[in-house]
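The values are calculated or read from the model by the stated rules, or taken from the named source; none is laboratory data. Here the structure is a predicted model, which is why all the values come from computation and not from measurement. Here the Cβ positions follow ideal geometry from the backbone for every residue, glycine too, while neighbour counts run over all protein chains shown.
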Amino acid sequence: MNDTYDVLVIGSGTAAQNVAPRCAQEGLRVAVVDRLPYGGTCSQRGCDPKRVLLAAAEAVGRARGLDGDGLVGRPRIDWPALMARKRTYTAPMPERIEGWMRDAGAETLHGTARLRSRHEAEVDGRVLEARDVVLATGARPADLGVPGAELVTTSTEFMELGELPPRVCFIGGGYISFEFAWLARMAGAEVTVLHRSAHVLKRFDQELADVLVERYRSLGIDVRTEAPVLELARRGNELVVTSEAGEFVADLVVHGAGRVADLGDLGLEEAGIEAGPRGVRVDEHLRSVDDAHVWAAGDSADKGLPLTPVASKEGKVVAAGILGEEAAYYGRAVPSVCFSDPPLAAVGMSAAEAAERDDVHVERADTSAWFSQWRVGQTHAGMAVVTDAATGRILGGHLLGVNADEVVNVLALAIRHGLTAADLTAMTWSYPTATSELPYVLG
Ligand SMILES: Cc1cc2nc3c(=O)[nH]c(=O)nc-3n(C[C@H](O)[C@H](O)[C@H](O)COP(=O)(O)OP(=O)(O)OC[C@H]3O[C@@H](n4cnc5c(N)ncnc54)[C@H](O)[C@@H]3O)c2cc1C
């Protein structure tokens, strides 16, 4: 006989964490299943542990910025100790998150779920049946599609390395490559980034991304564009990456070439649930276009950016939908950050979109010599703000520079609440901070 539930949630990451406990607390019979220890990508192998590691790169980078300008001596990254510190954060999480779900009243299961129909899934030979099924399975690295692809190290494996080898090559010019390339460089490695087309970091302002590339080159990171990878091979103890820009030799090759929805094991096709590489096709309530009681949220839904706060918001929308409340996905004003040196951030309308319209205005500034950058020895920075030409409403913000990861939230708030450049200029900001420099760009 099948085990029957009101709600079956597949995955235990950020999206699932916003569905399962709420539904269980509201009295529904909920089961959650994950094939990995509970917690998902963000807490185990994504945002949080990554930023724990990057704290060391920030410290080394800051010291370099003031080297000879009041600071002597350079701190050094102790890789094994840094990894041990990271584990003090990640190790307790699975038990904590699973316990929290159980305390809320959900049944927590371990194993790989595969759909037998739209409302039945099999986990280790056990069949679970549910009125509402939530697909919250996250994302995985995209297939590289080149010979030797099995030699590549994933971001998850990179964050578990016992030692950092001397030569590291990153395939792909997305945010994961830019963050880890900087960490590897600050830890003393020779670092190469190979990107297939002319511009890296597609999700961000292209002029600012180009400035970041200059910065990386000044740090000794070899960023190559127009360098699609053709093949990877092992030669003795070395790895050889053949690209259209030539041959690169490394001890470690890291996958930074994008992620796709992790739907491979789910049996969606047999169950008749439509999905593409960006995820399960859903409506604005995050219901599958094929079945109003099959839901998807987070990286496995074809909606919104693949980011933790988006997964969290989407999970809440799904929970509300299951509980019969009115809720819909709201994807405007979602800030996105590459935690590089310096951080690169974006929210709202891009300058490229703005260039196609004559009713918006883009104000740009090279902020590299401004106080907040100069103070810490940062040499590369810039800003672009997109406003409605008639009303001055903030429509987009793009920042490269110290504290860009925080200042972008001010612009996100402005976009969400329809604030104008004049509103932000009229504010009294704490001083001297990067935010207090915003009015100089806003005019
Ligand atoms: C290296 C890295 C850095 C990142 N940095 C940031 C950042 O700085 N900021 C940010 O906002 N986002 C960041 N992200 C993205 C962020 O981590 C994801 O957007 C977010 O975690 C997605 O949450 P989710 O709930 O959709 O999926 P996940 O948290 O990935 O959870 C999915 C879960 O489903 C399980 N699962 C999959 N298939 C099955 C199955 N068939 N049966 C059972 N279980 C299954 C998986 O084991 C996994 O635990 C980063 C990602 C990576 C990889």
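Against the numbered list (1) buried (at least 22 other Cβ atoms within 10 Å of the Cβ); (2) over 26 Å from residue 339 (Cβ atoms); (3) free of Cβ contacts under 8 Å to residues at least 24 places away in the same chain, residue 426 comes up short only at (1).
Comparison of 419, 442 shows that the only residue that is at pLDDT 95 or above and more than 16 Å from residue 204 (Cβ to Cβ) is 419. The requirement of being touching a Leu at 6+ places or on another chain (Cβ under 9 Å) and surrounded by 23 or more Cβ atoms within 10 Å (Cβ to Cβ) is not satisfied by residue 188. Here residue 340 meets each of (1) surrounded by fewer than 21 Cβ atoms within 10 Å (Cβ to Cβ); (2) within 21 Å of residue 380 (Cα to Cα) with one exception, condition (1).
Annotation: residue 312 fulfils all but one of (1) surrounded by fewer than 19 Cβ atoms within 10 Å (Cβ to Cβ); (2) more than 12 Å from the ligand (Cβ to nearest atom); (3) within 20 Å of residue 20 (Cα to Cα); the unmet one is (2). Condition first: near the ligand (Cβ under 10 Å from one of its atoms) and assigned to a strand (DSSP E or B). Now tell me which residues in segment 256-271 satisfy that. Passing the criteria: 259, 261.
A search for C-beta distances below 9 Å between a residue of segment 209-237 that is within 14 Å of residue 344 (Cβ to Cβ) and of a type in the set (Gly, Ala, Ser) and any residue that is assigned to a strand (DSSP E or B) and modelled with pLDDT of 95 or more, counting only pairs 6+ apart in sequence or on different chains, returns 209/338; 209/344; 209/400.
When segment 6-29 is examined, which residues are found to be aliphatic (A, V, I, L, M) and under 21 Å from the mean Cα position of the chain (by Cα)? Result: 10, 15, 16, 19. Once segment 324-353 is narrowed to residues that are in a loop (DSSP other than H, G, I, E, B), touching a residue at least 40 places away in the same chain (Cβ under 8 Å) and away from the ligand (no atom under 16 Å from the Cβ), the residue that is farthest from the chain's Cα centre (by Cα) is 327. Scanning segment 276-295 for residues that are touching a helix residue (DSSP H, G or I) at 6+ places or on another chain (Cβ under 8 Å) and either assigned to a loop (DSSP other than H, G, I, E, B) or within 13 Å of the ligand (Cβ to nearest atom) (or both) yields 279, 280, 285, 286, 295.
The criterion of at least 1 residues that are more than 9 Å from the ligand (Cβ to nearest atom), farther than 24 Å from residue 259 by Cβ and modelled with pLDDT of 95 or more is met, among strands (runs of 3 or more DSSP E) falling completely within segment 107-148, by 107-110, 113-117, 120-123, 126-135.
None of 95, 160 is among the acidic types (Asp, Glu), part of a helix (DSSP H, G or I), more than 11 Å from the ligand (Cβ to nearest atom) and surrounded by fewer than 20 Cβ atoms within 10 Å (Cβ to Cβ) except 95. Examine segment 190-204 for a residue that is within 16 Å of the ligand (Cβ to nearest atom), assigned to a strand (DSSP E or B) and touching a Gly at 6+ places or on another chain (Cβ under 7 Å), and state whether such a residue exists. Scanning segment 190-204, I find at least one residue that is within 16 Å of the ligand (Cβ to nearest atom), assigned to a strand (DSSP E or B) and touching a Gly at 6+ places or on another chain (Cβ under 7 Å), so the answer is yes. Residue pairs whose Cβ atoms lie under 8 Å apart, sitting 6 or more positions apart in sequence or on different chains, and linking a residue in segment 429-443 that is within 12 Å of residue 371 (Cβ to Cβ) to a partner that is of a type in the set (D, E, K, R) and surrounded by fewer than 15 Cβ atoms within 10 Å (Cβ to Cβ), are 432/375.
The residue list 24, 31, 16, 20 contains one member that is more than 16 Å from the ligand (Cβ to nearest atom), surrounded by 18 or more Cβ atoms within 10 Å (Cβ to Cβ) and under 23 Å from residue 310 (Cα atoms), which is 24. Can you find a residue that is of a type in the set (Gly, Ala, Ser) and within 7 Å of the ligand (Cβ to nearest atom) anywhere in segment 40-52? Within segment 40-52, one or more residues are of a type in the set (Gly, Ala, Ser) and within 7 Å of the ligand (Cβ to nearest atom). Taking segment 1-85 and the helices (runs of 4 or more DSSP H) fully enclosed by it, the elements with 2 or more residues that are touching a Ser or Thr at 6+ places or on another chain (Cβ under 8 Å) are at 14-17, 40-45, 47-65.
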